[in-house]
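So the structure is just underneath, and the comments pick up after that.
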Amino acid sequence: MIQVKKNLLWALCGTSILASGFASAAETTLHVATWLPPTSSQNAIVWPTWKSWVEKATDGRVEVVIENYTGDPKTIFDAVEDGVYDVGFSVNSYIPGRFKLTSVAEIPGEITDAEVGSVALWNTYEKFFKDDEEFIGLELLALFVHGPGQLNTNFPVNSLADLKGKKMRIGGGLVNTLAERLEVTPISAPAPKSYELMQQGVVDGTFLPAEQQRTLRLSEVTTDLTLFPKGLYTTAFSIVMNPDTLDSLSKDDRDAIMSVSGEKLSRLAGAAWGKADQDGILEAKTKGVNVVVLTEDDAIVKEMNALEEGIDQDWIDSVSDRKADAKAALAYFRKNVSELSQ
């Protein structure tokens, strides 16, 4: 692969993330692209843990180095596919039309626990989506979702009418359908742009999980955090690897990397991202953000539930050009979520 040298991940994470007892024995170095702040669960928990898993599973023959990606997050898939980086992750919906099947996990009201949703998504991919080859040119290592997306705004939300005409940052996927139904003015941008857009008054709010009150410092630029009991949506992410890099390794090392990826890595990422929501809520309260915790009995929740009806069919219709049996896949996904939640 092209050995592109970029600034190594932030100094405060340097020792825990980049140091390795196996480094001197490494035969191969995997360069991992990451684009979120060091405080994010991806960089604080997921990447360091996977690094440790890989280096231990390969007896130190493979070293993992995490590097700060300064480009647009939506270009990471291309960067990995082109061999600029060996491994990376991004939001599937940042590339409209390519990873449509995994949006099954973005249907509103399906997931309340990110770990459960991540494992269910991986299982559904393995059983129903693999043959469609949406990840052709990439080796899929894991799929995961963040915790339920919520309303982060600079105005109070007492009814859905309060959202009408407001400028809201959206990231893509089925949240676009929700935004259209809410009659907000959508501003499409990657999540890390939310702080800047809010601070400059370009948007009135953003759809993001509560975690980002802390990770992206939204507590500094929002006045209200409105928490729906089932959230409003979720976002599907992929962790991918360059296939040529994987193929260049010995069979033992290939098998070792895959043994610590797949469902195991999906579960880890989902659990880490989901747990971070509680830290975000605490951060919001500490910074004086008005945190509103809604229940199923609240009128606005009933309004939202009614508004979201039929988005599952929208997803089914959107993947009609794929080979997968969308109805069966959705039923299987829901069954997984139900069973894993028990």
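The table below lists the values:
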read-out: In region 84-107, the residues that are farther than 13 Å from Asn176 by Cβ and either hydroxyl-bearing (Ser, Thr, Tyr) or outside the structural domain of Glu67 (by TED's automatic domain parsing) (or both); value: Tyr85, Ser90, Thr102
read-out: In region 248-267, the residues that are under 24 Å from Gly117 (Cβ atoms) and assigned to a loop (DSSP other than H, G, I, E, B); value: Val260, Ser261
read-out: Test: residue in region 26-49 that is in contact with a Lys or Arg (Cβ under 6 Å, 6 or more places away or on another chain) and modelled with pLDDT under 95; value: yes
read-out: Extreme residue, farthest from the chain's Cα centre (by Cα), among residues of region 105-118 that are part of a helix (DSSP H, G or I) and surrounded by fewer than 24 Cβ atoms within 10 Å (Cβ to Cβ); value: Val116
read-out: Meets criteria (out of contact with any helix residue (DSSP H, G or I) (no Cβ under 8 Å at 6 or more places or on another chain) and part of a loop (DSSP other than H, G, I, E, B)) for Asp317; value: no
read-out: Residue among Asp312, Asp325, Asp317, Asp321 that is among the charged types (D, E, K, R), touching a Leu at 6+ places or on another chain (Cβ under 8 Å) and within 18 Å of Lys100 (Cβ to Cβ); value: Asp312
read-out: Hey, Ala326 crowded, with 16+ Cβ neighbours inside 10 Å, in the same structural domain as Arg214 (by TED's automatic domain parsing), in contact with a Ser or Thr (Cβ under 8 Å, 6 or more places away or on another chain) and not polar (S, T, N, Q) or not; value: yes
read-out: Residue in region 305-313 that is outside any helix (DSSP H, G or I), buried (at least 16 other Cβ atoms within 10 Å of the Cβ) and in the same structural domain as Leu178 (by TED's automatic domain parsing) present; value: no
read-out: Single residue of Arg334, Arg322 found to be among the charged types (D, E, K, R), under 23 Å from Thr177 (Cα atoms), outside any loop (DSSP other than H, G, I, E, B) and out of contact with any strand residue (DSSP E or B) (no Cβ under 9 Å at 6 or more places or on another chain); value: Arg334
read-out: Residues of region 270-282 satisfying the condition of being buried (at least 22 other Cβ atoms within 10 Å of the Cβ) and over 27 Å from Leu121 (Cα atoms); value: none
read-out: Condition met for Lys275 (touching a residue at least 40 places away in the same chain (Cβ under 8 Å) and either in contact with a Cys (Cβ under 9 Å, 6 or more places away or on another chain) or not in a helix (DSSP H, G or I) (or both)); value: no
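The values are calculated or read from the model by the stated rules, or taken from the named source; none is laboratory data. Everything numeric in this text was worked out from a predicted model, so none of it was measured. Reconstructed Cβ throughout: ideal geometry from the backbone, glycine too, with neighbour counts over all protein chains shown.
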